Amino acid sequence: MKNDASRSATLRRRARYELIFLLLIAAVCVIVVLNINIGSVPIPVPEILRILFTRAGDDTQVGIIWGIRLPRMLMAAILGGGLSLSGFLLQTFFANPIAGPFVLGISSGAKMVVAVAMIYFLGIFRTVSSAVLVVAAFIGAMLSTGFILLISRKLKSMSTLLVAGIMIGYICSAVTDFIVTFADDSDIVNLRGWSLGSFSGMSWENVGTAAIIIGVVSVAVFLMSKPIGAYQMGEHYAQSMGVNIRVFRVALIILSSILSACVTAFAGPISFVGIAVPHLIKRAMNTSKPIVVIPASFLGGAVFCMACDLIARTAFAPTDLNISTVTSVFGAPVVIAMMLRQRKER
Amino acid sequence: MDYLVTNGLSVGYNGRALIQEIDLDIKKGEIVTLIGPNGSGKSTILKSITRQLQLIAGTVVIDGNSLTSLPYRELATKMAVVLTERIKPELMTCRDIVSTGRYPYTGRLGILSEEDEQKVSEAMETVHTLELEHRDFGAISDGQRQRVLLARAICQEPEIIVLDEPTSFLDIRHKLELLEILRSMAKARDITVVMSLHEIDLAQKISDRVLCVKGTRIARFGPPYEVFDEDTVRELYEIDRGSYDPLFGSVELPRPAGEPETFVLSSCGSGVNVYRALQKAGIPFIAGVLWKNDADYFVARHLASRIIAEEPFRPLSPRARAEALAAVGSCAAVIDAGLDPGALDAGLLEIVKEAERLGRLRHADQLPGIVK
């Protein structure tokens, strides 16, 4: 009797996870079609399918889909997923649901070093490869993270940690602005668009690099779901279960830094995705089990960024909005609601 | 067989030793309790033997393996912990929490097998928490949380469980229940239990051996009947007000100061409530005449200014009779705290009569504030 009740509760939970995954996959499909369909040149759905699978059809339409909309959309999906995972890792690490790459100043750190690298490389070689940008962003992300870790050793309070992160973000932005002010005019055009965040103008080469990096890291994160789950109980319990805490913490920080660095290198800093998406996913699934939350967060981040990018490029067409403008509009209310809820629970 | 051995162990923080030269030999299935005042370093010792703190000096050997060279994973199959720190996991049910105990036994992704699920259920059943399994861990009471964490430790199937103040947030019923579970685990499954307790009375009753932690060395380590005398406890906790009775493990507030002008006559435990009432009112008193096997005698030892006592099963001696008559003469009030006239010793009856003659005899039920 008791066993039956327990079993049915377990089954209900599983059904809930499956439902959320199905909804996310359905959302991905819908957003993909909308993203390709909508734009200055609307392309009807039957055409889309034909062009996607056969590459045959109207030359302009093929060009728009394969040259512009598809890479941009894929980039939004990949980077959105990466950003969301990076947020989830940082929240686990700091045991704080409001931690994220943007709030902790990690994106801004990456942005700063990328700006320096861009100006330097453009000045000398007139070109800059995506690999260089990723490495620069990773260095910047690690710099900010290092600062945050130093501060978090001294300060146990989570709110002070967040304030410190925001301050680091401001400092890095100030340095970036300073660099941009003294850069060549030709560089500025490049930098301006990028430093505000955008998915536009993505080449297939960029998409490939991002897909490899974020794909590998995401799989690694998924394979770490077991120790991440243990770590949610606090580091001491995790260690008593057999997790080598020192190795684990370093791995977690490096993986989350690679993710946010990669995103920043290609699309600039993007706010709120890292906090809002994992939170919504956990609430929707009513669990924080990494083994389901990690893949769902990735899908959720992909859907969220593709949708936001769609709005960014169509709402005031032909003018593109910054991607952060749109993600903030949708993400910030979620974060505020989350903070209010937390206050109430305490 | 010795399961956990420490040799010349020094423990502390940041390379500075707090307690030195700890030499322990804890056997399999033994219950060892650490007692000592707040801040004495009980937790520091426990954190050191669970590898949360680096050892400053010396060695810890578990089941023949050095603690520092044992892989974390292997240690996890031998040792489980229940910590004092309050965890606030997000959106985890009690069953989720208990399931984490299976960590050392699950595969790469940590998916629980049918057998694991069974063991989780059994562990929850053992500590009577199965009905909580689908509740959110953040939404249950402190006592329930403590039991869920114990279930987590149990389903880790350890050979030794280390608990840091496991009874802290529990009410008396759950304290007893938890200690009873530990006791039966230690005996039935031969699991070693090492824990710290604040309740020395419980420590005395559950432990096979007790470790007194105070200062920079281990003060005492031995079976409760050796360790628990009044002086050890008094010294360990620096009790200068009030007292601790090692026989019953009970505490009493300090006796009222001053020259006693009240004499309480009682027998067969009838004096206890009167003593307590006088103590609360701050009135010093003499207790008598008490045969040394009377319950009154054990309480009076801590509360009365003076006791007029007699050896068990003897008639009233002339010495005691004279002392009692002197007390009746010197005290302004003599309280009859419920003497049984039928069972009264002839000598005692004479003392009661003398008090009556002087008009000093009062009955306890006539006094305000004394509930019988």
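The values are calculated or read from the model by the stated rules, or taken from the named source; none is laboratory data. Fair warning: this is a prediction, and the values are worked out from it, not measured in the lab. Here Cβ is always computed from backbone atoms with ideal geometry, including for glycine, and neighbour counts include all displayed protein chains.
A:A312 falls short on exactly one of the conditions (1) part of a helix (DSSP H, G or I); (2) surrounded by fewer than 19 Cβ atoms within 10 Å (Cβ to Cβ), and that condition is (2). For the range B:101-126, the set of residues classified as more than 8 Å from chain A (Cβ to nearest Cβ), buried (at least 18 other Cβ atoms within 10 Å of the Cβ) and either in a loop (DSSP other than H, G, I, E, B) or more than 37 Å from the chain's Cα centre (by Cα) (or both) is empty.
Among the residues of the range B:48-81, those identified as outside any strand (DSSP E or B), out of contact with any helix residue (DSSP H, G or I) (no Cβ under 9 Å at 6 or more places or on another chain) and not polar (S, T, N, Q) are B:G64, B:P71, B:K78. Mind telling me which of the residues B:L316, B:L303, B:L361, B:L367 ends up being touching a residue at least 60 places away in the same chain (Cβ under 8 Å), of a type outside the set (S, T, N, Q) and surrounded by 12 or more Cβ atoms within 10 Å (Cβ to Cβ)? When all the criteria are applied, what remains is B:L367. Checked against (1) within 11 Å of chain A (Cβ to nearest Cβ); (2) at pLDDT below 95, B:M79 meets all criteria but (2). Of the residues A:R72, A:R7, A:R12, which is closer than 30 Å to A:K282 by Cβ and touching a residue at least 60 places away in the same chain (Cβ under 8 Å)? None of the others qualify; the one that does is A:R72. Whether a residue is over 20 Å from the mean Cα position of the chain (by Cα), in a helix (DSSP H, G or I), within 14 Å of chain B (Cβ to nearest Cβ) and at pLDDT 90 or above was assessed, and A:R7 does not pass this test. Selection over the range B:1-33 of residues that are without any contact (Cβ under 8 Å) to a residue 12 or more places away in the chain and in a strand (DSSP E or B) gives a count of 0. Checked against the criterion of being modelled with pLDDT of 90 or more, among the hydrophobic types (A, V, I, L, M, F, W, C), within 21 Å of B:T44 (Cβ to Cβ) and in contact with a strand residue (DSSP E or B) (Cβ under 6 Å, 6 or more places away or on another chain), the range B:179-186 has no qualifying residue.
Exactly one residue out of A:L49, A:L34, A:L24 is away from every other protein chain (no Cβ under 14 Å) and at pLDDT 95 or above: that is A:L24.
Residues of the range A:93-120 that are modelled with pLDDT of 90 or more and among the aromatic types (F, W, Y): none at all. Scanning the range A:78-132 for residues that are of a type outside the set (V, I, T), out of contact with any helix residue (DSSP H, G or I) (no Cβ under 8 Å at 6 or more places or on another chain) and in a helix (DSSP H, G or I) returns A:Y120, A:F125. Annotation note: Cβ proximity below 8 Å between a residue of the range A:283-308 that is within 14 Å of chain B (Cβ to nearest Cβ) and a residue that is assigned to a helix (DSSP H, G or I) and of a type in the set (D, E) (sequence gap 6+ or interchain) occurs for A:T287/B:D96; A:K289/B:D96.
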